Amino acid sequence: MNKSNRITLWLGVTLVASLLLLMLVSLAYVPYGVNEMDIAGRLQAPGPEHLLGTDQFGRDILSRVMEGTQTAFAVGAVSVSIGLAGGFLIGSLAGYLGQWADELLMRLVDALMAFPGILLALIFVSIFKPSLFQTMIAIGLLSVPSFARVIRSGFLQLKEAEFVKAARGMGAGHASVIIRHIVPNMLSSVIVTASLSFSTAILVEAALSYLGLGVQPPDPSWGGMLNESQSYIGKAPWFTLAPGILITVTVLGFNLLGDGIRDLRDRRA
């Protein structure tokens, strides 16, 4: 692993760890109540009392972006879990069984990938009542095809490997072959996909909340805060910068982490 790849990996680890720490701190402490209003102190510039300033209702921006990390990580974790579960079911059946099962399942995946992801998410949350729960499900469904393709590829490569054939020759059943021999050898690819899907989930959630179809006010969301701040960009730029920077740093961190893990895996391959 060259110096550039090491820097990419450690920068990703540092950014993600910092955001995770901020999220953990927000579970125990925030400077002010996230919905605590102070109309007299609305759009107050950053200072000792409010380190990142206040919004149009006098709410502390630092407190709201801190709690917004909980929303971001919750959406990322749940949606990636849904995508991984669905993708593993489809990808493992397609890759392990092959033949007609592979053809049928992968045509289904191709059909899902033919539509822009954000469009499918918009349709889903528009049909149902917009909420954090619906947002998680919608984004999770969007990530199923990417997991399915990665897992199918891993099964196709590994099911004919010599150590898998040896395990079958020694009497190992299908479940044992999959759990003990195939899955452990494709974990690195799945982890890379999960990291990249995590950043995509956070970005899509921010976009949906910005459009009013994700997390609903007054619950804090970085995308929702961007929507609220757009009328005050000239008067209170700090209102826009705080959530915008956090979205950028979070997406960048998970992308760098995924790229770093992929480079590390390629070096060991």
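Yes or no, residue by residue, for (1) open to solvent by 50 Å² or more (accessible area, probe 1.4 Å); (2) out of contact with any Asp or Glu (no Cβ under 6 Å at 6 or more places or on another chain); (3) part of a helix (DSSP H, G or I):
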position	(1), (2), (3)
Phe115	yes, yes, no
Ser126	yes, yes, yes
Ala138	no, yes, yes
Phe155	no, yes, yes
Lys165	yes, yes, yes
Arg180	yes, yes, yes
Leu187	yes, yes, yes
Flagged in the stretch 167-178 as assigned to a helix (DSSP H, G or I) and loosely packed, with under 12 Cβ neighbours inside 10 Å, in numbering order, are Gly169, His174, Ala175
Selection count, the stretch 19-38, where residues are surrounded by 13 or more Cβ atoms within 10 Å (Cβ to Cβ) and in contact (Cβ under 8 Å) with a residue 40 or more places away in the chain
7
Checked the stretch 200-258 for anything within 16 Å of the chain's Cα centre (by Cα), open to solvent by 70 Å² or more (accessible area, probe 1.4 Å) and more than 22 Å from Pro46 (Cβ to Cβ); matches are Thr200, Leu203, Leu252
For the stretch 59-107, how many residues are under 25 Å from Leu24 (Cα atoms) and either part of a helix (DSSP H, G or I) or touching a helix residue (DSSP H, G or I) at 6+ places or on another chain (Cβ under 7 Å) (or both)?
24
Only one residue in Gly41, Gly76, Gly58, Gly83 is open to solvent by less than 20 Å² (accessible area, probe 1.4 Å) and modelled with pLDDT under 90, so which one is that?
Gly41
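The values are calculated or read from the model by the stated rules, or taken from the named source; none is laboratory data. Fair warning: this is a prediction, and the values are worked out from it, not measured in the lab. Note: ideal-geometry Cβ built from the backbone for every residue, glycine included; neighbour counts use all protein chains shown. Just the protein is used for accessible areas: all its heavy atoms, side chains included, with ligands, DNA and RNA removed. Shrake-Rupley method; radii C 1.70, N 1.55, O 1.52, S 1.80 Å.
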